[in-house]
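Structure first, then comments.
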Amino acid sequence: MQLFHLLFVFVNIKSIFSLINFDLTHTIKSTNPIFPGLTPFNFTQTFTRWRQDDSNEYYFMALNTFITGEHFGTHIDAPYHGSNTSWTITQIPFERLVSIQALIVDVSKKSSKVKNYQIKIEDLNENVMRQANGFYVLLFYTGKSKFWPNQDAYAGGHSREELDFPGLSAQLASYLVDKYSEKLVGVGIDTLSIDPGSSKHFSAHRILFKKNIYVLENVAALNHVLKYLSNRRETFFIFDVLPMKIEDGTGAPCRLVARVENFDDISGGPFGFLIFCLLLGIIGIAAKVIYDFKFNMDKDFA
Ligand SMILES: *[C@@H]1O[C@H](CO)[C@@H](O)[C@H](O)[C@H]1NC(C)=O
Ligand SMILES: *[C@@H]1O[C@H](CO)[C@@H](O)[C@H](O)[C@H]1NC(C)=O
């Protein structure tokens, strides 16, 4: 049975390359939670209109306008946000954003028990991190995203003093920078900030930014990816970070896409078996043709 399963996986090329896509982005609305003091998203319908062309045919046109702070909704913090010598949005190399990998660190149990939980070095799974074979992002799942878009439940309140959500301890940020900054290009979290709500001076931000590690905040739907991965949760998957390309940007709204191997498809099934038989047949015929051809050539030149 094991051998058959392996053969299916080997043969069913379609399933090996089929990926399930997860959109890890919250929809931007003026009612999204916001870090106190920042400019919220303001969306104005400029017009919706029916017009008439020269042949009296009606056609529809709609236009909107928005004003927003860079750090609203699901967004990226460019390292320049907290380090004057580090990269702005447009300076982050493209290969650190697209077709990279990501790994989820589930800290939801501890985060639900402790106010402003400070994520620790022990929460990492370093055995898996060491297996990274290219640029990657660590995504911390705290469970706070379940409360989106309720500002009080998600963030603790509307003022700096009320904020309550988990975040990276300064020790963890330093450790990541010292040990992993060769391949670790970004750190994400499903809260308003990578620093805990109780943080006064944004230590984790500053430590990561100095080494040009970018930050992703208000990451959505990590629980869906975790659920899908179920017992494979210590797994890297393909990840794309697609920020608006704002010149001199210190941050930008950002589309995040996780592409996870389609584990459901890999079992093959009757269809996989059919392809397997077909391929085996083709290989057999090809081998016979090549053999006959070679045999005849040898005879001719003998
Ligand atoms: C949103 O922008 C419009 C157009 O500039 C402005 O009239 C309105 O006052 C703004 N609303 C808020 C809540 O800032
Ligand atoms: C960054 O700030 C430091 C300290 O003020 C200053 O010496 C340096 O020139 C600045 N660098 C840039 C690129 O702005």
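The values are calculated or read from the model by the stated rules, or taken from the named source; none is laboratory data. Values in this document were obtained by computation on a predicted structure and should not be read as measured data. In this analysis, Cβ positions are derived from the backbone assuming ideal geometry, glycine residues included, and neighbour counts consider all displayed protein chains.
Worth a mention:
- Taking every residue in region 85-107 that is without any contact (Cβ under 8 Å) to a residue 12 or more places away in the chain and pairing it with any residue that is of a type in the set (Val, Ile, Thr), at least 6 positions away or on another chain, the pairs with Cβ-Cβ distances below 9 Å are 93/185.
- Some residue of region 23-32 being modelled with pLDDT under 95 and in a strand (DSSP E or B): no
Residue-by-condition table, conditions (1) in the same structural domain as residue 211 (by TED's automatic domain parsing); (2) closer than 30 Å to residue 205 by Cα; (3) away from ligand 1 (no atom under 16 Å from the Cβ); (4) at pLDDT below 95:
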| residue | (1), (2), (3), (4) |
| --- | --- |
| 49 | no, no, yes, no |
| 54 | no, no, yes, no |
| 63 | no, no, no, no |
| 92 | yes, yes, yes, no |
| 102 | yes, yes, yes, no |
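- Identity of the residue in region 32-43, surrounded by 10 or more Cβ atoms within 10 Å (Cβ to Cβ) and over 24 Å from the mean Cα position of the chain (by Cα), that ends up nearest to ligand 1 (Cβ to nearest atom): 42
- Residue within region 236-255 that is modelled with pLDDT of 95 or more and polar (S, T, N, Q) present: yes
- Residue in region 133-153 that is modelled with pLDDT under 95 and in a loop (DSSP other than H, G, I, E, B) present: yes
- Test for residue 199: is it surrounded by fewer than 17 Cβ atoms within 10 Å (Cβ to Cβ) and either in contact with a Gly (Cβ under 7 Å, 6 or more places away or on another chain) or not in a loop (DSSP other than H, G, I, E, B) (or both): no
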